[in-house]
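Engineer: Dumping the structure here so I can ask a few things about it.
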Amino acid sequence: MNYIKTGLLLIALTMLLVWIGGYFGGNIGAIYAFIFAFIMNVGAFWFSDKIVLAMYKAKEINESESPELYNMARELTQSAKLPMPRLYIVPQNSPNAFATGRSPSHAAVCVTQGILNILNREELKGVIAHELSHIKNRDTLIMTVTATIAGAITMLAYWARWAAMFGGFGGRGGRSRNGNVIGYIFMLIVAPIAAMLIQLAISRTREYSADKRGAYMAGTPSGLAQALLKLEKGARAYPMQANHSTAHLFIVNPLRGQGLAALFSTHPPVQERVKRLQNINL
């Protein structure tokens, strides 16, 4: 059911992008928008992992440098019949983790130094299992595509704003002035919000799915549940220097969001995630 929901949301996001292109350029504009999204997705497919790892100054580690973490990941990947991913550590005190890569055979799991400082073995195992679940579910690719399309829609809205400032409201192709005004308002406000809400829905769906699979992979939901509570508290105490465009990658939201901002978080509430984990019977 989660895969069906994710697929429908991705289709809706793509259709929104094509519709925006069609509004500005008719059928040709719709085709250009689709080609533009395709090119961006190809670039993200091949280079997104390298970009995000470089962005956070992640350092690749080997077995001799962190034997416990390496052995834990190897044990879980063998159990899940996954290739061994590359392992990285981010030199930040904010406790968090993420997975990236275009496929299970080209994947990386990254943890911060902070997460290694506060979690015990069972909790860390739950976190690594969660990230490996993202890899097995191919969420790393799904969320890259989602973020790319949502970014393209936001970019088109930005262009629409400049078009409006320099006479874009003039009649064109038989459209009335009022029709253009309404259309541009939609491009400037509604379309980016709609894209963001679809992206959030996909991200939250994939987090719940990874929590469940991760609990089964680790052999117990309690480790991940306790880890999530610690990570939420730690992320608030030590906010991460994270980019908004990559916040969806992390196991808990690395950005400090309270009140209204929490409604637009890329992650479901930790308390709800813990509640679902506690209801799992292995």
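Engineer: Take the stretch 221-256 and flag every residue that is surrounded by fewer than 23 Cβ atoms within 10 Å (Cβ to Cβ), outside any helix (DSSP H, G or I) and aliphatic (A, V, I, L, M).
Structural biologist: 242, 255
Engineer: Continuing with this model, one more query. Among the candidates 133, 209, which residue alone is surrounded by fewer than 23 Cβ atoms within 10 Å (Cβ to Cβ), among the polar types (S, T, N, Q) and modelled with pLDDT of 70 or more?
Structural biologist: Numbers: 133 fails: surrounded by fewer than 23 Cβ atoms within 10 Å (Cβ to Cβ).
Among 133, 209, only 209 is surrounded by fewer than 23 Cβ atoms within 10 Å (Cβ to Cβ), among the polar types (S, T, N, Q) and modelled with pLDDT of 70 or more.
Engineer: So, one more: Of the residues in the stretch 104-125, how many are assigned to a helix (DSSP H, G or I) and either on the phi > 0 side of the Ramachandran plot or among the hydrophobic types (A, V, I, L, M, F, W, C) (or both)?
Structural biologist: The initial filter retains those residues of the stretch 104-125 that are assigned to a helix (DSSP H, G or I), namely 104-106, 113-118, 121-125.
Filter once more, so that each one left must be either on the phi > 0 side of the Ramachandran plot or among the hydrophobic types (A, V, I, L, M, F, W, C) (or both): 115-116, 118, 124.
Count: 4.
The values are calculated or read from the model by the stated rules, or taken from the named source; none is laboratory data. These figures come from a predicted structure and were not determined experimentally. With ideal geometry, Cβ positions are generated from the backbone for all residues, glycine too; neighbour counts draw on all protein chains shown.
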